[in-house]
Amino acid sequence: MSRGRGRNADRSRSSRLPESVATLTIDRIAAGGDGVGRLDGLAVFVPRTAPGDVVQVAYVTHARHARGRVLQVLTPSAARVEPICVHYTQDRCGGCQLQHLNADAQTEARRHIVQDTVARIGKRDIPLPALVSDVAWGYRSRLTLTLLRRSAGWVGGLHPHDDPARVFALETCHIAHPALVSVWQTLRPLIRKGSPALPVGETLRLGLRLDESPEGAEATAALTVALVVEGGTHWPDQESWTVAARAADPRISGVWYTPTAPTTAVRDTKNDAAPAEYAPQAREALAFAQVNPVVATALRDYVFDAVGTFAPTRVVDAYAGSGALAARLATAGISVLAIEADPAGAASAVEKVQVAASGPSASSRVLCDLVERALPSLGSGERPDTVVLNPPRRGVHADVTTWLEADAQHGLRGVVYISCDPATLARDLSRLPSWQVAAVQCFDMFPQTAHVETVCVLQRGPR
Ligand SMILES: C[S@@+](CC[C@H](N)C(=O)[O-])C[C@H]1O[C@@H](n2cnc3c(N)ncnc32)[C@H](O)[C@@H]1O
């Protein structure tokens, strides 16, 4: 996250600073997906390069590193392949970072990103993690586009990696499920025309989300797609727009609208204090379904087994989403406390856990609260022996790591941390000196990108 902000700040500074030109060899892929080479010890980050490339670059030096752009590939790496998406080359689409690398090179890049980041930020040495992979294309069950108002109508698309203020018109996306792409192609004329009107505003986000996991669906033709429109102040024409959209494509199951800056009040179930404010980022409420359902199933199995290694009787499932793991643990006879801040997610978790809990897991329950507030206020009889953490990209609040470190938690035997951002995982590990990494495994949830999902199993002991 911080690296993303850093890159944007670098980008705007770079546009004002003079460039130098040099030839360099790319050694590795850094977190974020840029290739890195060295010039007299100075690390130069160059997007869209491959380990082994010899490139001529124009670069700008910042405090402790430099950022470059390729002028010419002098000797291409053997790991290079021709990207299959026209937007990757023609529009420099920022959605994928590694389409120009073959599958093996992508796998190595993601494994090393995790290992290097944990060493650099977390100050821990871990073995090079294995990566569980499945399909490389058409895997995304969600597609989020930016809509920009034009003099007449709207343009909808994604941002170039080197110009986040610009939006190019998206025609296709090879990592999104074909049903999403096909619904988007049907919707484009309606959006371009701007009638019926979209919400009142200049910039909107449009999310397309498969209602059902493609695994479970008989065929792509049977899939339906929910639309989530975000931004603007209000949407007087929502009803007529919805009618027009569904007439254009009957696969659209519904249209949800959230004006700019959604904020949800979180009920303090403990002491009835004034509700805390919880602002779901990037509409986390609608993100319960994993982006890549096939790999998500492998990940859930791994997490379930990892929890089992601690022979738990009482588990906290923190950042529980809609409660799939909590319900599975309760079905296995484990008493679970699921904590989820989003009221819609928590409500869905309540339904699942109620059905699953019986016998030894009958005391299972769901708390709609912030994890950083709920954990420190657990009573002594409620303390878990195992904790699952599955936070959003920003990682866990410092109060959570403080709680995991506290002496009072000595009954706690294991932590299973699921992370979609190696940098925040590494930061959180650096705050957990009394926990050692017992196992680490990566999941290829986002092929063609530099993103990777990591599960880190922690047990008590010197690091
Ligand atoms: C990465 S998702 C994980 C969801 C779920 N465990 C799963 O596997 O699908 C993170 C979840 O944490 C919730 N969340 C974010 N910040 C939170 C906080 N501070 N306290 C409690 N829940 C939070 C989000 O609403 C979201 O459901």
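Taking the options 92, 110, name whichever one is open to solvent by 70 Å² or more (accessible area, probe 1.4 Å) and not assigned by TED's automatic domain parsing to the domain that holds residue 422.
The match here is 92.
Quick test for you: out of 146, 117, pick the one residue that is crowded, with 16+ Cβ neighbours inside 10 Å and in the same structural domain as residue 252 (by TED's automatic domain parsing). Break it down into steps so the answer makes sense when it comes.
Details: 117 fails: in the same structural domain as residue 252 (by TED's automatic domain parsing).
The conditions single out 146.
Cβ-Cβ below 7 Å, separation at least six or inter-chain, first residue in region 402-428 and assigned by TED's automatic domain parsing to the domain that holds residue 451 and closer than 24 Å to residue 291 by Cα, second among the small types (Gly, Ala, Ser) and in a helix (DSSP H, G or I): which pairs?
Sorted first by the residue in region 402-428, then by its partner, the pairs are 416/306; 423/2.
Of the numbered conditions (1) open to solvent by 10 Å² or more (accessible area, probe 1.4 Å); (2) within 25 Å of the chain's Cα centre (by Cα), residue 434 satisfies every one except a single condition; which is it?
Exception for residue 434: condition (2).
Can we say residue 307 is open to solvent by less than 40 Å² (accessible area, probe 1.4 Å), more than 9 Å from the ligand (Cβ to nearest atom) and β-branched (Val, Ile, Thr)?
Criteria met by residue 307.
Of the conditions (1) within 13 Å of the ligand (Cβ to nearest atom); (2) hydrophobic (A, V, I, L, M, F, W, C); (3) within 27 Å of residue 443 (Cβ to Cβ), residue 347 satisfies every one except a single condition; which number is it?
It fails just one condition, (3).
Sort out which residues of region 395-410 are within 16 Å of the ligand (Cβ to nearest atom), in contact with a Leu (Cβ under 7 Å, 6 or more places away or on another chain) and assigned to a helix (DSSP H, G or I), and write them in order of number.
400, 401, 403, 404
Which condition does residue 325 not pass, out of (1) away from the ligand (no atom under 12 Å from the Cβ); (2) part of a helix (DSSP H, G or I); (3) crowded, with 20+ Cβ neighbours inside 10 Å, if it passes all the others?
Checking residue 325 against (1) away from the ligand (no atom under 12 Å from the Cβ); (2) part of a helix (DSSP H, G or I); (3) crowded, with 20+ Cβ neighbours inside 10 Å, the one that fails is (1).
Could you please let me know if residue 376 is within 15 Å of the ligand (Cβ to nearest atom), closer than 16 Å to residue 316 by Cα, open to solvent by 10 Å² or more (accessible area, probe 1.4 Å) and assigned to a helix (DSSP H, G or I)? Give the steps one after another, and end with the answer.
On the way: within 15 Å of the ligand (Cβ to nearest atom): yes; closer than 16 Å to residue 316 by Cα: yes; open to solvent by 10 Å² or more (accessible area, probe 1.4 Å): yes; assigned to a helix (DSSP H, G or I): yes.
When the stated conditions are applied, residue 376 passes them.
Within region 69-80, can one find any residue that is charged (D, E, K, R), open to solvent by 10 Å² or more (accessible area, probe 1.4 Å) and over 20 Å from residue 136 (Cα atoms)?
Yes, the conditions are met somewhere in region 69-80.
For residue 104, are the conditions met, namely being without any contact (Cβ under 8 Å) to a residue 60 or more places away in the chain, under 30 Å from residue 131 (Cα atoms) and in contact with a Lys or Arg (Cβ under 9 Å, 6 or more places away or on another chain)?
So residue 104 does not fit the description; no.
For region 335-348, enumerate the residues that are surrounded by fewer than 24 Cβ atoms within 10 Å (Cβ to Cβ) and closer than 16 Å to residue 360 by Cα.
The one that is surrounded by fewer than 24 Cβ atoms within 10 Å (Cβ to Cβ) and closer than 16 Å to residue 360 by Cα: 335.
Among (1) within 18 Å of residue 190 (Cα to Cα); (2) modelled with pLDDT of 95 or more; (3) out of contact with any strand residue (DSSP E or B) (no Cβ under 8 Å at 6 or more places or on another chain), there is one condition residue 128 misses while meeting the rest; what is its number?
It is condition (1) that residue 128 fails.
Yes or no: region 159-168 includes at least one residue that is small (Gly, Ala, Ser), open to solvent by less than 20 Å² (accessible area, probe 1.4 Å), at pLDDT below 95 and part of a loop (DSSP other than H, G, I, E, B).
No, because not a single residue in region 159-168 is small (Gly, Ala, Ser), open to solvent by less than 20 Å² (accessible area, probe 1.4 Å), at pLDDT below 95 and part of a loop (DSSP other than H, G, I, E, B).
Within region 350-373, track down each residue that is within 14 Å of the ligand (Cβ to nearest atom), open to solvent by less than 20 Å² (accessible area, probe 1.4 Å) and over 26 Å from residue 428 (Cα atoms).
Result: 353, single match.
Give me the pairs, please: first residue somewhere in region 370-386 and in contact (Cβ under 8 Å) with a residue 40 or more places away in the chain, second residue anywhere and aliphatic (A, V, I, L, M) and more than 15 Å from the ligand (Cβ to nearest atom), beta-carbon distance under 9 Å, and either six or more positions apart or on two chains.
The qualifying pairs are 383/408; 383/412; 384/412; 385/311; 385/412; 386/311; 386/334; 386/412.
For residue 387, state whether it is surrounded by 22 or more Cβ atoms within 10 Å (Cβ to Cβ), within 14 Å of the ligand (Cβ to nearest atom), among the β-branched types (Val, Ile, Thr) and more than 20 Å from residue 335 (Cα to Cα).
Here the answer is no, as residue 387 does not meet what is asked.
Among the residues of region 411-426, are any more than 14 Å from the ligand (Cβ to nearest atom) and among the β-branched types (Val, Ile, Thr)?
Yes, region 411-426 has at least one match.
The values are calculated or read from the model by the stated rules, or taken from the named source; none is laboratory data. The model shown is predicted, which means the values in this text are computed figures rather than measured ones. Backbone-built Cβ (ideal geometry, glycine too); neighbour counts: all protein chains shown. Side chains included, ligands, DNA and RNA excluded: accessible areas come from the protein's heavy atoms. Shrake-Rupley method; radii C 1.70, N 1.55, O 1.52, S 1.80 Å.
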